[in-house]
Each structure stands twice: as C-alpha cells, then as structure tokens.
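For reference, the structure is listed below as structure tokens.
The values are calculated or read from the model by the stated rules, or taken from the named source; none is laboratory data. Keep in mind that what you see is a predicted model, and the values were worked out from it rather than measured. Please note: Cβ atoms are built from the backbone with ideal geometry, for glycine as well, and neighbour counts cover all protein chains shown.
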Amino acid sequence: MQKVTIKKILNRKNKKPIVCLTAYSKAIAQIADKYCDILLVGDSVGMVLYGMKSTRDIKIETMILHAKTVKKFSKRSLVVFDMPYKTYTNKFVAYKNAKRIINLTKCDAIKLEGGKKIASIIKYLISKKIPVVGHIGLLPQTSVNFKVKGKISSQRKKILEDAKAVSNSGAFAIIIECVVENLAKIITKKIPIPTIGIGASRNCDGQILVIDDMLGLSEHYPKFVKQYSNLKKIIEKSIKNYAKDVKLKRFPANKNIYK
C-alpha cells in the first residue's frame, strides 16, 4: 500500500478523481484509509460529535486529539488538519499554531478557509515548509448566509479571484464549497492545482463529504449530499434489540462465559 503524497495529488490534476472524506476516529480512519486519497480532520467535528452550533466553537486542543488518532491509523491517505476559527488571524499566529499542529499530530498538511485575504498567510506558511490546502466559496467559519455562491457576476468574480490567489500562494489543492456548477468548472480549468468539490459539481478534480452526512448519521443534510447508508436506523435497531434482550434476560446468551 503506497502512501499518497502531495506530489501524487498534484499529478492527479485533470486525471483520476481525488477521493476525500472527513475523519475523526480510529474506526473511520482505518476503513476510509483503504479508499480515500485525502482524509480531512475537519472542524465539522464540533457539530458532528459534540453538538456545537457551528464550526467556530471547536477548540484547537480538541481537534489535535482527533488528528493524532486519525493520523496514527491512516497508512495510505494524506491527512489534512482543518485549522479552527481564529487560529490563523495573521501569518505569525498561523505559523505558530500550524507548527504546533504538525509537530503534535504528524499530519501531512493544514487547511485554511479564505481567498485573497489570507493569500499572504498561505504564502508565509509555504515558505516555512508547511503544506496548505485552500478553501473558497462558502466559508462555514465566517459565513452568515449558507446559500449557493456564484449566482451573481460580482460574486463569481470574487470567488475566481480567490481561487487564483490561493493557487498562486502555493497551496497544493483547493476545496470549493457550494458554488454554481459552471463557476466550479471555470475555476478547475483556470488554476493549475487540483480542485476538490463539496456541493460544487462533478467538474472538480475530486470530491469531499462530511462522513456522518454520507453515512446517514446527521440530523440535517445539505442538498448536495448523497447518503450511501442510513446508519442511524441500523444503530437504533441494534440498540433496541439489545435493550429487549436485556429486559427479557436473554443477554448474555452464553451462560458459561464466567466459568
């Protein structure tokens, strides 16, 4: 099993699609690692596992714990750490936090949300040998309007400029979230680094989803999500049957386990 490297991701531009998912635990990392090129330890962990109202509430210390686990049990995938809200307010803060993250978790790269406004931060991190994945379009950490982006010309122009700025700053890939299909197509053609879509059409060089969304564990789902399972029903049925067995004294089934 060959390790996925940044060079290999760059070489996938306009070629074989890049498979990405979020991961926060040992069990998911071990399974997803067999099939994914990139595993993102996303700040979505705050909402998914801890019931927080937004991604802005998760702390860097908590994410480091999850990232250590994912990295430890990922042998093939490139593991990317999603920098939490306000941990990269300027290039010096960003470098201090990113260096700590890489040292403690051994992750392969970090991800930042934003375009032109953080281009200098990305460039600085790259100069310090810290690989970066960008993120443009809908930005969950700072957005107040969670709607599809790029429907009006001024917005389209800004997002395209953001994409170019992130690419020119040295990022090796860029996530495009919730933008109209033709804009995602244009961005993918215009920039030399791979694009990874989440609600941004099949025109991107790869795709990513929040693991709980695609497995049917979440309470609310974006329109672009395809559920590949309904684990919530499966888990509920299993727990229901267990509870029934306990109440009817049918569990444990093996009466000789303590002999």
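Scan the range 104-150 residue by residue and report those that are over 22 Å from Glu61 (Cβ atoms), within 13 Å of the chain's Cα centre (by Cα) and surrounded by fewer than 21 Cβ atoms within 10 Å (Cβ to Cβ).
Of everything in the range 104-150, just one residue is over 22 Å from Glu61 (Cβ atoms), within 13 Å of the chain's Cα centre (by Cα) and surrounded by fewer than 21 Cβ atoms within 10 Å (Cβ to Cβ), namely Leu139.
Report, ordered by the first and then the second residue, all pairs with beta carbons closer than 7 Å, sequence separation of six or more or different chains, a first member in the range 211-224 that is closer than 17 Å to Glu236 by Cβ and hydrophobic (A, V, I, L, M, F, W, C), and a second member that is assigned to a loop (DSSP other than H, G, I, E, B) and at pLDDT 95 or above.
Qualifying pairs under 7 Å: Leu215/Tyr228; Leu215/Ser229.
Looking only at the range 204-227, which residues are under 20 Å from Lys16 (Cβ atoms) and within 12 Å of the chain's Cα centre (by Cα)?
Gln207, Ile208, Leu209, listed by residue number.
Determine whether the range 58-73 contains at least one residue that is surrounded by 14 or more Cβ atoms within 10 Å (Cβ to Cβ) and either touching a residue at least 60 places away in the same chain (Cβ under 8 Å) or among the aromatic types (Phe, Trp, Tyr) (or both).
Checked the range 58-73: at least one residue is surrounded by 14 or more Cβ atoms within 10 Å (Cβ to Cβ) and either touching a residue at least 60 places away in the same chain (Cβ under 8 Å) or among the aromatic types (Phe, Trp, Tyr) (or both).
How many residues, within the range 84-104, are touching a residue at least 40 places away in the same chain (Cβ under 8 Å) and touching a strand residue (DSSP E or B) at 6+ places or on another chain (Cβ under 6 Å)?
So the answer is 1.
Among the residues of the range 160-169, is any of a type in the set (Asp, Glu), closer than 30 Å to Ile102 by Cα and surrounded by fewer than 18 Cβ atoms within 10 Å (Cβ to Cβ)?
So far as the range 160-169 goes, yes, one or more of its residues are of a type in the set (Asp, Glu), closer than 30 Å to Ile102 by Cα and surrounded by fewer than 18 Cβ atoms within 10 Å (Cβ to Cβ).
Inside the range 194-253, can you point out the residues that are of a type in the set (Phe, Trp, Tyr) and in contact with a Phe, Trp or Tyr (Cβ under 8 Å, 6 or more places away or on another chain)?
Tyr242, Phe251
Counting only residues that are over 18 Å from Leu65 (Cβ atoms), in a helix (DSSP H, G or I) and out of contact with any Phe, Trp or Tyr (no Cβ under 8 Å at 6 or more places or on another chain), how many does the range 1-31 have?
Going through the range 1-31 one residue at a time, the tally reaches 3.
Tell me, yes or no, whether the range 20-37 has at least one residue that is in contact with an Asp or Glu (Cβ under 7 Å, 6 or more places away or on another chain), surrounded by 14 or more Cβ atoms within 10 Å (Cβ to Cβ) and not acidic (Asp, Glu).
Step one: of the range 20-37, the residues in contact with an Asp or Glu (Cβ under 7 Å, 6 or more places away or on another chain) are 20.
If we keep only those that are surrounded by 14 or more Cβ atoms within 10 Å (Cβ to Cβ) too, we end up with 20.
Adding the requirement that they be not acidic (Asp, Glu) leaves 20.
Yes, that holds for at least one residue.
Between Thr62, Thr69, which is over 14 Å from the mean Cα position of the chain (by Cα), over 26 Å from His220 (Cα atoms) and of a type outside the set (A, V, I, L, M)?
Just a single option satisfies the conditions, and that option is Thr69.
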